[in-house]
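Asker: The structure is given below, and queries will be raised subsequently.
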Amino acid sequence: MVTGRRALGWAAGLLAVYGAVRLVPGSRGVGPGWTIGHVALFAGMVLMGLGMVELWRLGGAGGVWGRIWLGAGLAGVLSGLAQSGIDLYANAVSQDYAARSELFDRVQSVPGVLPVVYTVVPMMLYVGLLALLVRLTVRGVVRWWSPVLVLVGTVLMGASLDFMPVGAVLYLAAFRPVITGGQNRLRAVPSGA
């Protein structure tokens, strides 16, 4: 069973798979490369959501700000799932690259879809993730470099999806103390803290 802590590691691994598949020649066209990469991305998003719930729990389940950051992160996850689902559907029903691009254009022209699925709301995943890690750092649960590694990984992936494997490795390094329980065995902060 994948626990919340392990979900973070699997999420980073699946993001790396998606990024690596994108680098294979021909994988961006209609076909199995696109499908394999996007199935990995979809599964990675699901596991990232589970992992963020664990980060929230470790930081203390009480408190308004923790809930706000978790909500923001999960909204970004849902947006990423919608985007991946659209990508998988478009690839499955399209004969070629041009037909898939035309379908994307039609979907993105629906009012509200562009900001909710492609531009604004997806960024909330990274804001929520970073804020939850900063919250854990402030509470002494993880070290300062965990949110820094996530920030660097996010900036790299934002600059080019070709850097997705590198960003995913940085995420994995950032999540390692949570995944392993750290040297002092991580425990959730009491809700009243």
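Asker: Answer yes or no as to whether Val24 is among the aliphatic types (A, V, I, L, M), surrounded by fewer than 19 Cβ atoms within 10 Å (Cβ to Cβ) and out of contact with any Ser or Thr (no Cβ under 9 Å at 6 or more places or on another chain).
Answerer: Taking the combined requirement at face value, the residue satisfies it.
Asker: Can you tell which of Arg139, Arg106 is of a type in the set (D, E, K, R), surrounded by fewer than 20 Cβ atoms within 10 Å (Cβ to Cβ) and either over 24 Å from Ala82 (Cβ atoms) or touching a helix residue (DSSP H, G or I) at 6+ places or on another chain (Cβ under 7 Å) (or both)? Walk me through how you get there before you give the answer.
Answerer: Working: Arg106 fails: either over 24 Å from Ala82 (Cβ atoms) or touching a helix residue (DSSP H, G or I) at 6+ places or on another chain (Cβ under 7 Å) (or both).
After applying the criteria, what remains is Arg139.
Asker: Which one of these does Phe42 not meet: (1) surrounded by fewer than 22 Cβ atoms within 10 Å (Cβ to Cβ); (2) aromatic (Phe, Trp, Tyr); (3) more than 20 Å from Val17 (Cβ to Cβ)?
Answerer: Phe42 satisfies every listed condition except (3).
Asker: Cβ-Cβ under 7 Å, sequence separation 6+ or interchain: first residue in region 137-151 and in contact (Cβ under 8 Å) with a residue 24 or more places away in the chain, partner open to solvent by 80 Å² or more (accessible area, probe 1.4 Å) and not in a loop (DSSP other than H, G, I, E, B). Which pairs?
Answerer: Between residues of region 137-151 that are in contact (Cβ under 8 Å) with a residue 24 or more places away in the chain and residues that are open to solvent by 80 Å² or more (accessible area, probe 1.4 Å) and not in a loop (DSSP other than H, G, I, E, B), there is no close pair.
Asker: Just checking: which of the helices (runs of 4 or more DSSP H) contained wholly in region 89-193 hold 3 or more residues that are of a type in the set (Val, Ile, Thr) and at pLDDT 95 or above?
Answerer: 145-159
Asker: Same structure again: Just to be sure before I move on: is Gly37 part of a helix (DSSP H, G or I) and either basic (Lys, Arg) or in contact (Cβ under 8 Å) with a residue 24 or more places away in the chain (or both) in the structure I sent?
Answerer: Answer is no for this residue.
Asker: If Val113 satisfies all but one of (1) open to solvent by 70 Å² or more (accessible area, probe 1.4 Å); (2) over 21 Å from Gly66 (Cα atoms); (3) free of Cβ contacts under 8 Å to residues at least 24 places away in the same chain, what's the number of the condition it fails?
Answerer: It fails just one condition, (1).
Asker: Taking the stated definitions as given, is Arg5 assigned to a helix (DSSP H, G or I) and either open to solvent by 20 Å² or more (accessible area, probe 1.4 Å) or out of contact with any Lys or Arg (no Cβ under 8 Å at 6 or more places or on another chain) (or both)? Spell out how you get there, then give the answer.
Answerer: Working: assigned to a helix (DSSP H, G or I): yes; either open to solvent by 20 Å² or more (accessible area, probe 1.4 Å) or out of contact with any Lys or Arg (no Cβ under 8 Å at 6 or more places or on another chain) (or both): yes.
Yes: the conditions hold for Arg5.
Asker: Look through Gly73, Gly51, Gly59 and report the one residue that is open to solvent by less than 30 Å² (accessible area, probe 1.4 Å), closer than 23 Å to Val138 by Cα and modelled with pLDDT under 95.
Answerer: On the way: Gly73 fails: modelled with pLDDT under 95; Gly51 fails: modelled with pLDDT under 95.
Just a single option satisfies the conditions, and that option is Gly59.
The values are calculated or read from the model by the stated rules, or taken from the named source; none is laboratory data. Keep in mind that this is a model prediction, so the values were computed, not measured. Counting neighbours? That spans all protein chains shown, and the Cβs are built from the backbone with ideal geometry, glycine included. Accessible surface is based on the protein model in full, side chains and every heavy atom, while ligands, DNA and RNA are left aside. Shrake-Rupley method; radii C 1.70, N 1.55, O 1.52, S 1.80 Å.
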